[in-house]
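Trainee: Below: one structure in structure tokens.
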Amino acid sequence: MTSVEIDHGPGITSYKRGIHPAHYMFKIESLSTPEVEKYESGVFEVGGYKWSLAFYPTGNENMNGNDYISLYLVIENTEKLPACWEVNVSFRLFLFDQIRDNYLTIEAANGKISRFHATKTEWGFGKFLSLKSFHDASNGYLVGDTCIIGAEVLVVESNRKQDALLMIKSPPNNIMTWTPTKVSTLHGEEYVSQVFTVEESKWKLSISPKVNELREGKHLSIYLQCVEAVSQYQNIKVYVESKLRIKKFHGISKPLEYNVKHWFSSSESMGFQSFVSRLDPIALTGSDWLTIEAEIMVISKVKSIT
């Protein structure tokens, strides 16, 4: 077997693969009789568009294909497309090695996209393979005066969606205040506030007087919870910088405050398990309540800009 001479020029990738072309194969028999400058394949459909292959067995002279075979992908039925049409495509073209049952595969390097439009209806490779290598029977590309070409086409849709992420400082209505009562009698796992809305996302505060058996309920746990992110962006997390504080509680002389910085998913909580030690219930007589406050300093918001 002689070496296969391939010189596609810059920006082109070639390799061998055993998998058949996914979209189309075209067999050309009796290639040398009669001599035809250009073969046009049948039409196939991919991505809602009609396509065909153009094969030059002695090279496309207009594209410097002398001494090579040339192969192109052609978009068809363009007269039925809307005015100013444009189709962006990533594609591969194939030549079958009939001896080794694999395909010489050629495509644009680095994922380059080819833009089909009214004045450019075909893209491909003027120097697909040298004539010397193509006609050498030991290479398997031309056997019994027959060759097989193929194509795979990926249409890159242009229905692009674009969003922008904003960081909003001191948003309106950014202070949430909650005053649960009868704190000394709380024995459940969680007590929650009403729902607050800040920049379209919904939030609530919660306390857990009984953290676990080891602490024996001697600490208050306080959390900020994202109940629901903005409806159209439920899969995007919300970033929050906030201050959680106890403003009033029997036995403390000044507010207790902690910072929270977190990317919240819907139904996710963030806070402190041991925010403050619970006082003796007897000492709470007459003042069995506290005031909890969450101040959102910064919150993220996603908006569409398309």
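The values are calculated or read from the model by the stated rules, or taken from the named source; none is laboratory data. Computed from a predicted model, the values in this text were never measured in an experiment. Cβ sites come from the backbone with ideal geometry, for glycine too, and all protein chains shown count toward neighbours. Just the protein is used for accessible areas: all its heavy atoms, side chains included, with ligands, DNA and RNA removed. Shrake-Rupley method; radii C 1.70, N 1.55, O 1.52, S 1.80 Å.
Trainee: Name every residue in the range 191-216 that is part of a strand (DSSP E or B) and modelled with pLDDT of 85 or more, in order of residue number.
Mentor: Step one: filter the range 191-216 for residues part of a strand (DSSP E or B), giving 191-192, 196-198, 201-208.
V192, F196, T197, V198, S201, K202, W203, K204, L205, S206, listed by residue number.
Trainee: Which numbered condition trips up G47, out of (1) under 15 Å from I149 (Cα atoms); (2) out of contact with any helix residue (DSSP H, G or I) (no Cβ under 9 Å at 6 or more places or on another chain)?
Mentor: The one condition G47 does not meet is (1).
Trainee: Filter the range 149-177 down to the residues that are outside any loop (DSSP other than H, G, I, E, B), out of contact with any His (no Cβ under 9 Å at 6 or more places or on another chain) and among the small types (G, A, S) and list them by number. Please lay out each step first, then the result.
Mentor: So the first thing to find is which residues in the range 149-177 are outside any loop (DSSP other than H, G, I, E, B), and the list is 149-156, 163-169, 175-177.
Pick out the ones that are also out of contact with any His (no Cβ under 9 Å at 6 or more places or on another chain) and you get 149, 154-156, 163-169, 175-177.
Within the range 149-177, A164 is the sole residue that qualifies.
Trainee: Then there is this: For a quick check of your reading of the model, give me the residue pairs whose first member lies in the range 1-27 and is modelled with pLDDT of 95 or more, whose second is assigned to a loop (DSSP other than H, G, I, E, B), with beta-carbon atoms closer than 6 Å and at least 6 apart or on different chains.
Mentor: Pairs that qualify, where the first residue is modelled with pLDDT of 95 or more and the partner is assigned to a loop (DSSP other than H, G, I, E, B), are F26/S41.
Trainee: Applying the selection to the range 233-261, what residues are open to solvent by less than 40 Å² (accessible area, probe 1.4 Å), at pLDDT 75 or above and in contact with a Leu (Cβ under 9 Å, 6 or more places away or on another chain)? Before the answer, list the steps.
Mentor: Of all residues in the range 233-261, those open to solvent by less than 40 Å² (accessible area, probe 1.4 Å) come to 233, 238-240, 242, 244-246, 249, 260.
This time we only want the ones that are at pLDDT 75 or above, so: 238-240, 242, 244-246, 260.
Those that are open to solvent by less than 40 Å² (accessible area, probe 1.4 Å), at pLDDT 75 or above and in contact with a Leu (Cβ under 9 Å, 6 or more places away or on another chain): Y239, V240, S242, L244, R245, I246, V260.
Trainee: Test of understanding: among L220, L224, which residue is in a strand (DSSP E or B), open to solvent by less than 10 Å² (accessible area, probe 1.4 Å) and either at pLDDT below 75 or of a type in the set (K, R) (or both)? Can you show your working first?
Mentor: Values: L224 fails: either at pLDDT below 75 or of a type in the set (K, R) (or both).
On inspection, the qualifying residue turns out to be L220.
Trainee: Could you please let me know if S52 is under 19 Å from E152 (Cβ atoms) and touching a helix residue (DSSP H, G or I) at 6+ places or on another chain (Cβ under 7 Å)?
Mentor: On the way: under 19 Å from E152 (Cβ atoms): yes; touching a helix residue (DSSP H, G or I) at 6+ places or on another chain (Cβ under 7 Å): no.
No, not satisfied.
Trainee: Which residue pairs have Cβ atoms under 7 Å apart, sit 6 or more places apart or on different chains, and have a first residue in the range 158-174 that is closer than 14 Å to I236 by Cα and a second that is of a type in the set (D, E, K, R) and open to solvent by 70 Å² or more (accessible area, probe 1.4 Å)?
Mentor: From residues that are closer than 14 Å to I236 by Cα, the pairs are D163/K303; A164/K303; L166/K303.
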